[in-house]
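The structure under discussion appears below in the form of structure tokens.
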């Protein structure tokens, strides 16, 4: 019997096994009355078989919570860029896209935790000579705690611009949406783990 328990411990002490054991013990308790030995066994099972994944930690490990509280901003003049909609549909509900930034102090910028900045076509309203690169660098300089990702559809460009060293990451605009999702998860965890705003 002991060997069978050892061989089947994952099933036995997993969610289904604990449920089955508690039902059997409850049935036995109903037949025999309130037995202290049965209560002891039942209490030990409940205490010793808690699955760590059933508990919600400080919030940084719970992806659903990360998705609901993390504000994403895409600064991109291309309204056809589908990654924004894909992220929204996958649960990142606080995701918006704007064509350009009118002020570094605009509510879209200040309320965002992660900013994705396209290289071309943005930063023009604030007269950045290097467009999106200049905008991304200015945002990172003003808000160093925010996560900034630079992305572009062009493979060629200013590969030595200082914004590329200051940004938290760089992606091709043609990258699979999955890559954007994975990077967003990583940066959201990094942001909330380093933030005092939990």
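Results, tabulated for the structure shown:
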read-out	value
Total residues in the range 172-184, condition more than 17 Å from the chain's Cα centre (by Cα) and surrounded by 16 or more Cβ atoms within 10 Å (Cβ to Cβ)	1
Lone qualifier among 93, 122, 102 - being in a loop (DSSP other than H, G, I, E, B), closer than 19 Å to residue 172 by Cα and either in the same structural domain as residue 188 (by TED's automatic domain parsing) or in contact (Cβ under 8 Å) with a residue 12 or more places away in the chain (or both)	122
Test: residue in the range 133-142 that is part of a loop (DSSP other than H, G, I, E, B) and assigned by TED's automatic domain parsing to the domain that holds residue 73	no
Hey, residue 145 surrounded by fewer than 17 Cβ atoms within 10 Å (Cβ to Cβ) and assigned to a loop (DSSP other than H, G, I, E, B) or not	yes
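The values are calculated or read from the model by the stated rules, or taken from the named source; none is laboratory data. Remember, predicted model here, so these are calculated numbers, not experimental data. All Cβ positions, glycine included, derive from the backbone under ideal geometry; neighbour counts span all protein chains shown.
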